Amino acid sequence: MKLSLLLICCLFSLHILAQKKNSNYQYHIHRVTSPVKIDGIIDEQVWQDAEVAKNFRMVLPMDTSVSKVPTEVRMAYDDKNIYIEATCYKALPGQSMVESLKRDFAFQKNDNFIFFMDTYNDLTNGFSFGANAVGAEWDGTMYEGGKVDLNWTNKWESAVKDYPDKYIFEASIPFKSIRYKKGISEWGINFSRNDLKTTEKSSWTPVPRQFPTASLAYTGTLVWDTPPPEAGQNISLIPYVLTGISKDYQNHKNTAVHVEAGGDAKIAISSALNLDLTVHPDFSQVDADKQVTNLSRYELFYPETRQFFLENGDQFNNFGYASIRPFFSRRIGLTSNIIAGARLSGKLDRNWRIGVMDMQTNSNDDNRVPAQNFTMIALQRKVFARSNIGFMLVNKESFNYPPGAATTGANSKYNTNFGIEYNLASADNLFTGKALVLKSFSPNKKGHDYTQAGNLQFANKYWTVGGQYEVVGANYDAGVGYVPRQGYIKFNPYISRLFFPKEGIILSHGPTLNLTDYYDGGFKPTDNRAFLSYQVTFRSKSILTALVEHDYVRLLAPYDPTNYTGNFLPIGQQSHWNNAEISFFSVPQSLFTYDFTLDYGGYYDGGKKFSLANDVGYRFQPYVNIQMATTYNNLQLPQPWGQKSFWLVGPRVDVTMTNKFYLTGFFQYNEQGKNININTRLQWRYRPASDFFIVYTDNYLPRPFFVKNRGLVFKFTYWLNN
């Protein structure tokens, strides 16, 4: 606890009270007097009258000059929509570089225009919209001052039209599709452009190259001639109808045909506060998780992709750290069905955010899972320029136990977590950090049920210096969270340096030193990982990294180093090893792309490990994108394991007939997991935020080869709002 208090004092003392960095960059937006047609043709009078944002600044490869690829942006609004137009001039002839027409593309692999709106003017939260050069749409919510969650989607309209010397992006964003503070006449705004042929990333306002152009600390100001109009009554209904057929061959069950219906509702309590309701939700449109070979001692993390949990999802899921998450929404509804749920989230005023969620699942006799109720309350108060203090309460109650169901572990009668954290983000984003304290309450678990952690980082153009510590009690239990390890103390200091040659093929290069030490409750070492890496970034945007590493592990529980055979190393067994790694990522602007990582060295119990992971892709742009991901692990261990090898092969094909019609198919062969998975998804977005899906899934046991289960689902969703 003393460590947390000391870190909090440091975070407060390091805070920089400064004005917004780019407050002198202002764009004045005016109300339109005539209709705007979204077609990529800017022949309306409104675009002739609008102010022009131009003279973009280069961010990459260097941040010290004006952009060489011109971009001009215009904005306007009426009672219902925000309108934006971007004219993106081409510096070099030829076809634009894109992956496909599929929405929510990878920023660094596409020519694109994207903009970021800080609608609360708090430098922390907002929305992002845009498109690549052939019209694939991008939309997401923004959190933590510069991160974008692309799983979020809402109603808006866009068009991209290509010309020999430019492409034009045009869009309308309904006020009802975003959240903003009533009555304020200034928002944060920035515009970003990526041009692969010139390897240039640029933005309207100057952004240091070490930060993303999404960084809200470096936005300019969107000045409204009058405060944005209220969205008015804003209620959206999103019903769905689903029919499907499935068969479980592995458990010898008969073919099941099912028809389901349910839906969501979104009710705007205010322009900044939203109530989400769901009844019998279904998530059949979600792709199957990408399988991985797991040679770690702990549970793997898979991110949330279900739409209901995403708006303001950072306030719920991002409390804590990647390895200490007291709340993780994927715990809800994976072993039994969700009956209904409600979620209130958003801004109470300029300084306060709130999130309240309640979800109810039914009991499941087949899995011996009781009915459960999940409650999450999050309250956040902004302090200083960009920092905040957050409070969190998570509670899970279990009841209606099926016969034979356990009352411990995930099925315990109750589990409660309470926590507080302070998040530092300086006005110029050079200093970031966090300090948190958590406590859990569970049956028969008392003492050592606290967690405390903190970190502090300084990052400028040349140096990144930071450190993190974690103290997790042996009885700390995050029943609705993701905390794969308990009963440890961790220290993780790191430092890196970048050098920038004035000429030549290398853009930047430099070393990173990272030390990670784990101790048990008696402060005896259990794990140590120390690595020194060197990264070279070429002006072509390809990246080469080399790494040498030393590892030490003292096992605190029996462990099978293959996660496959069922033979275990004993508690207390100690292993030391060294290994080396090299990785390379090719230039993203090529039609043929590839990357690989080679890792060779020691392993548990004096063994050896060789790993190869690579991705190869080719695109027939913009309609077909083919990728092949392969992972190979070869382990050489003493008996009873001997030599073991695992293949993980995953080809994937994306076919995008238009930017509204997608076909995705992928195959996964996981030797370690003894599974072959085939997943095919057809999606037709027949109107904004309304979809028709056909999803086909097959799972096989590789040896002997037979079908485990098979399913075909048809789903229709419709977004209806007033």
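Of all residues in the stretch 23-74 being among the polar types (S, T, N, Q) and surrounded by 13 or more Cβ atoms within 10 Å (Cβ to Cβ), which is farthest from Pro206 (Cα to Cα)? Here the answer is Thr71.
Looking only at the stretch 174-189, decide whether some residue is out of contact with any strand residue (DSSP E or B) (no Cβ under 9 Å at 6 or more places or on another chain) and of a type outside the set (S, T, N, Q). Yes: the stretch 174-189 contains one or more residues that are out of contact with any strand residue (DSSP E or B) (no Cβ under 9 Å at 6 or more places or on another chain) and of a type outside the set (S, T, N, Q).
If you go through the stretch 303-323 and keep only what is closer than 21 Å to Thr124 by Cα, of a type outside the set (A, V, I, L, M) and either at pLDDT 80 or above or assigned to a helix (DSSP H, G or I) (or both), you end up with Phe309, Gly313, Asp314, Gln315, Phe316, Asn317, Asn318, Phe319, Gly320, Tyr321. Looking only at the stretch 513-545, residues that are farther than 30 Å from Gln573 by Cα and not charged (D, E, K, R) come to 10 in all.
Of note, Gln486 satisfies the criterion of being under 22 Å from Leu300 (Cβ atoms) and free of Cβ contacts under 8 Å to residues at least 24 places away in the same chain.
Residue check: is Asn444 surrounded by fewer than 19 Cβ atoms within 10 Å (Cβ to Cβ) and more than 23 Å from Arg325 (Cβ to Cβ)?
Values: surrounded by fewer than 19 Cβ atoms within 10 Å (Cβ to Cβ): yes; more than 23 Å from Arg325 (Cβ to Cβ): yes.
Judged against the criteria, Asn444 is a match.
Taken over the stretch 429-458, residues that are within 19 Å of Phe211 (Cα to Cα), part of a loop (DSSP other than H, G, I, E, B) and of a type in the set (S, T, N, Q) amount to 1.
Every condition in (1) touching an Asp or Glu at 6+ places or on another chain (Cβ under 8 Å); (2) not assigned by TED's automatic domain parsing to the domain that holds Gly183; (3) not acidic (Asp, Glu) is met by Ala217 except one, and the failing one is (2).
Scan the stretch 572-586 for residues that are in contact with an Asp or Glu (Cβ under 7 Å, 6 or more places away or on another chain), under 21 Å from Leu556 (Cα atoms) and small (Gly, Ala, Ser) and jot them down. Result: Ser575, single match.
Among the residues making up the stretch 159-192, those that are at pLDDT below 95, buried (at least 21 other Cβ atoms within 10 Å of the Cβ) and either more than 25 Å from His28 (Cα to Cα) or among the hydroxyl-bearing types (Ser, Thr, Tyr) (or both) are Ser177, Tyr180. Which of the following residues is among the hydrophobic types (A, V, I, L, M, F, W, C) and in contact with a helix residue (DSSP H, G or I) (Cβ under 6 Å, 6 or more places away or on another chain): Leu123, Leu150? The unique qualifying residue is Leu123.
Every condition in (1) in a strand (DSSP E or B); (2) of a type in the set (A, V, I, L, M, F, W, C); (3) surrounded by fewer than 20 Cβ atoms within 10 Å (Cβ to Cβ) is met by Leu295 except one, and the failing one is (1).
Residues of the stretch 538-550 that are part of a strand (DSSP E or B) and either at positive phi or touching a His at 6+ places or on another chain (Cβ under 7 Å) (or both): none at all.
For first residues located in the stretch 641-653 and under 20 Å from Ala629 (Cα atoms), partners that are surrounded by 15 or more Cβ atoms within 10 Å (Cβ to Cβ) and among the acidic types (Asp, Glu) and lie 6+ apart or on another chain with Cβ distances below 8 Å form the pairs Ser645/Glu671; Phe646/Glu671; Trp647/Glu671; Leu648/Glu671. Only one entry of Asp63, Asp39 meets the criterion of being closer than 23 Å to Phe113 by Cβ, among the acidic types (Asp, Glu) and modelled with pLDDT of 90 or more, and that entry is Asp39. Here the strands (runs of 3 or more DSSP E) wholly within the stretch 324-418 that include at least 1 residues being small (Gly, Ala, Ser) and touching a residue at least 60 places away in the same chain (Cβ under 8 Å) are 338-347, 371-383, 387-399. For residues in the stretch 488-536 being in a loop (DSSP other than H, G, I, E, B) and surrounded by 16 or more Cβ atoms within 10 Å (Cβ to Cβ), which is nearest to the chain's Cα centre (by Cα)? This residue is Leu498. Residues in the stretch 240-255 that are among the aromatic types (Phe, Trp, Tyr) and in contact with a Ser or Thr (Cβ under 6 Å, 6 or more places away or on another chain): Tyr240 only.
Note on the stretch 569-595: among residues that are surrounded by 14 or more Cβ atoms within 10 Å (Cβ to Cβ) and assigned to a loop (DSSP other than H, G, I, E, B), the one that is farthest from the chain's Cα centre (by Cα) is Gln573. Being in contact (Cβ under 8 Å) with a residue 24 or more places away in the chain, basic (Lys, Arg) and assigned to a strand (DSSP E or B): is that true of Lys461 here? Spelling it out, it is not the case that Lys461 is in contact (Cβ under 8 Å) with a residue 24 or more places away in the chain, basic (Lys, Arg) and assigned to a strand (DSSP E or B). Of the residues making up the stretch 157-180, those that are more than 29 Å from Ser236 (Cα to Cα), assigned to a strand (DSSP E or B) and touching a residue at least 24 places away in the same chain (Cβ under 8 Å) are Lys161, Asp162, Lys166, Tyr167, Ile168. Cβ-Cβ distances below 6 Å connect the following pairs, each with a first residue in the stretch 613-627 that is in the same structural domain as Thr664 (by TED's automatic domain parsing), a second residue that is assigned to a loop (DSSP other than H, G, I, E, B) and surrounded by fewer than 16 Cβ atoms within 10 Å (Cβ to Cβ), and a separation of six or more residues or different chains: Arg619/Leu591. No other residue among Ala342, Ala378, Ala371 is within 18 Å of Ala453 (Cβ to Cβ) and hydrophobic (A, V, I, L, M, F, W, C) apart from Ala378.
The sole residue among Thr226, Thr213 that is in contact with a Ser or Thr (Cβ under 8 Å, 6 or more places away or on another chain), closer than 26 Å to Ile173 by Cα and either crowded, with 17+ Cβ neighbours inside 10 Å or not β-branched (Val, Ile, Thr) (or both) is Thr213.
Applying the criterion of at least 1 residues that are under 28 Å from His30 (Cα atoms) and over 30 Å from the mean Cα position of the chain (by Cα) to the strands (runs of 3 or more DSSP E) found wholly in the stretch 53-118 leaves 71-77, 81-89.
The values are calculated or read from the model by the stated rules, or taken from the named source; none is laboratory data. These numbers were taken from a predicted model, which means no experiment stands behind them. Neighbour counts run over all protein chains shown; Cβ positions are idealised from the backbone, glycine included.
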